[in-house]
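Since the structure comes first, as structure tokens, the remarks are kept for the end.
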Amino acid sequence: MKDDTFYMNLALQQAEIAAENDEVPVGALLLLADGTEVLSHNAPISLHDASAHAEMRVIREACRISENYRLTGSTLYVTLEPCLMCAGAIVHARIGRVVYGAGDPKTGAVASLYEVLSDERLNHQPEVTGGVLADQCGDLLKGFFRSRRQKA
């Protein structure tokens, strides 16, 4: 059986694609209940769309593929802790489990800044596992921003 590290490595490959496209390097993989893998990466700059985060894009595509806006029994792998917007979409899509790599102290809405996915006032709380390949995910982000500062 494939494990969280395997899927997070696939999400990291998507983050690298984002970096190659001068996007913030965040990648996501959504594993549907039937085993279908859906991949995506950040693209708000190239798509001129503030909502084109890796999580939002992979959720949209998974809903299209499954022909259902509810993704029960699915697992989302994402290289960076989801923001408030993405956490809201995760709740609305009823994703069963969220696995993330690096925490995000500035915009993280799972554990760092907010705790949306464990908020019992909401009608859905997915299982959450954080810190999977956190060093690799964080290093990719740090390297990306370091190189951007050097260009400025």
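Got a sec? Charge dipole of the chain, +1 on Cβ for Lys and Arg, -1 for Asp and Glu; which of LEU80, THR5, PRO44 is way out at the positive end?
Most positive-ward Cα: PRO44.
Given a 1.4 Å probe and the protein chains all in place, what does the accessible area of ARG60 round to, in Å² to the nearest 10?
Probe radius 1.4 Å; accessible area of ARG60 about 110 Å².
Taking Cα atoms, how many degrees apart are the long axis of helix 4-20 and the longest axis of the chain, rounded to 10 and kept between 0 and 90?
Rounded to the nearest ten degrees, it is 40.
Against the longest alpha carbon principal axis of the chain, how many degrees, from 0 to 90 and to the nearest 10, is the axis of helix 54-66 turned?
40 degrees
How large is the helix-only mean residue ellipticity at 222 nm for the chain, computed as the sum of -39500 (n - 2.57) over DSSP H runs with n ≥ 4, divided by its residue count, in deg cm²/dmol to the nearest 500?
Taken over the chain, the calculation gives -13000 deg cm²/dmol.
Can you tell me the 0 to 90 degree angle between the C-alpha axis of helix 134-151 and the longest principal axis of the chain, rounded to 10?
40 degrees
When the dipole is taken about the Cα centre of the stretch 4-151, and only Lys, Arg (+1) and Asp, Glu (-1) are charged at their Cβ, what size is it in debye, to the nearest 20?
360 debye
First compute the accessible area of the chain with a 1.4 Å probe, then give the percent of it belonging to carbon and sulfur atoms.
Result for the chain: 50 percent of the exposed heavy-atom area is carbon or sulfur.
Output needed: percent of Cα pairs per 10 Å distance bin for the stretch 4-151, bins running from 0 to the one holding the longest distance.
13, 46, 34, 7, 1
Leaving out ligands and nucleic acids, note down the accessible area per residue over the chain with a 1.4 angstrom probe, in whole Å².
52 Å²
Out of the DSSP beta bridges found with both residues in the stretch 4-151, what percent are antiparallel (nearest 5)?
Of those bridges, close to 50 percent are antiparallel.
When the solvent-accessible surface of protein heavy atoms is calculated with a 1.4 angstrom probe, in what order do TYR114, TYR77 fall, highest first?
The ordering from most to least exposed comes out as TYR114, TYR77.
The values are calculated or read from the model by the stated rules, or taken from the named source; none is laboratory data. No experiment lies behind these values; they were computed from the predicted model shown. Note: ideal-geometry Cβ built from the backbone for every residue, glycine included; neighbour counts use all protein chains shown. Heavy atoms of the whole protein, side chains included, go into the accessibility calculation; ligands, DNA and RNA do not. Shrake-Rupley method; radii C 1.70, N 1.55, O 1.52, S 1.80 Å.
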